[in-house]
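This report refers to the structure that appears directly beneath it.
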Amino acid sequence: MSTGIDLYSFIHFDRGSRVRWLANELGLTINEHRLDARAGEHKGAAYRAVNPTGLVPAIVQNGVTQFDSAAICLSLAEAHREAKLAIFEGESGRGEFLSWYFFAASTLDAATYPLMVYKMFQPDPAMLEASTQRLMTHLAALDRRMLDRDWVCGRFTIADILLGHGLELQRRCDVNFAEFPALAAYHARLKSRPAGVGLFAN
Ligand SMILES: N[C@@H](CCC(=O)N[C@@H](CS)C(=O)NCC(=O)O)C(=O)O
């Protein structure tokens, strides 16, 4: 069976970029399907047959569909365990890995979304500033974590991909990492991975 993945997304830096980055790390082929968000293509019946939630990303691989970027990344990492892009059940550090993975997928993601809204969709400088201030406590926690390591959980994993995506969206929303040197260095390290290059392009 083909290992090619049909990936549905809007643009190069939406949550589909997490899947694209991971696929590149794994050497998997991606068949891109770019939906027209402005035309509401993701809400139409054709796409809802792929993803009933009407959100991107979603994938179809070997006739099997899956949605939610974090779920997709975990499934792909598990299916290619030899690449060691997650900390798997039975390995030490699994619990810590899950904590940082879910921190990226839920806590950080939820705190980043308002920045996108107030920077890009409904521009509002005051709300952008307030949302940025609320984000700071999470960035401080991640900065402390990154003081003495290259990747958030030992080796490079999908937790780094999700965190890298979050940091990149924040940068696009004018968040300044200057007061978080370990975080700034981590962002630069993530950016230097060839597989993630598409996310970081302007
Ligand atoms: N937790 C989901 C969130 C999916 C999500 O909200 N996707 C956004 C784009 S990154 C979307 O489809 N927005 C369109 C809309 O809200 O109508 C994931 O990680 O896949």
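The values are calculated or read from the model by the stated rules, or taken from the named source; none is laboratory data. Because the structure is predicted, anything quoted here is derived from the model rather than measured. A quick note on method: Cβ atoms are made from the backbone with ideal geometry, for glycine too, and the neighbour counts reach across all protein chains shown. SASA here: full protein model, heavy atoms, side chains in, ligands and nucleic acids out. Shrake-Rupley method; radii C 1.70, N 1.55, O 1.52, S 1.80 Å.
Please list, in chain and number order, the residues 5+ apart from Asn31 or on another chain whose amide H is under 5 Å from its amide H, with Hs placed from the backbone.
Close amide H contacts, sequence-distant or interchain: Ile5, Asp6, Leu7.
Among Val197, Val50, what's the order by accessible area (1.4 angstrom probe), most exposed first?
Values: Val197 95, Val50 25 Å².
The most accessible residue leads, giving Val197, Val50.
Can you tell me the order of 7-14, 118-125 when each peptide is scored by its average per-residue count of other Cβ atoms within 10 angstrom, highest first?
My ranking of the peptides, most packed first, is 7-14, 118-125.
Would you mind calculating the relative contact order of the chain from Cα pairs under 8 angstrom and at least 6 residues apart, reporting the percent as a whole number?
So the answer I get is 23 percent.
Straight-line reach from Lys119: which lysines have a Cα under 29 Å away, not including same-chain ones fewer than 8 places off?
Here the lysines satisfying the reach criterion relative to Lys119 are Lys43, Lys191.
Kindly provide the helix-only [θ] at 222 nm of the chain, computed as the sum of -39,500 (n - 2.57) over DSSP H runs of four or more divided by all residues, to the nearest 500 deg cm²/dmol?
Roughly -14000 deg cm²/dmol at 222 nm, from the helical runs in the chain.
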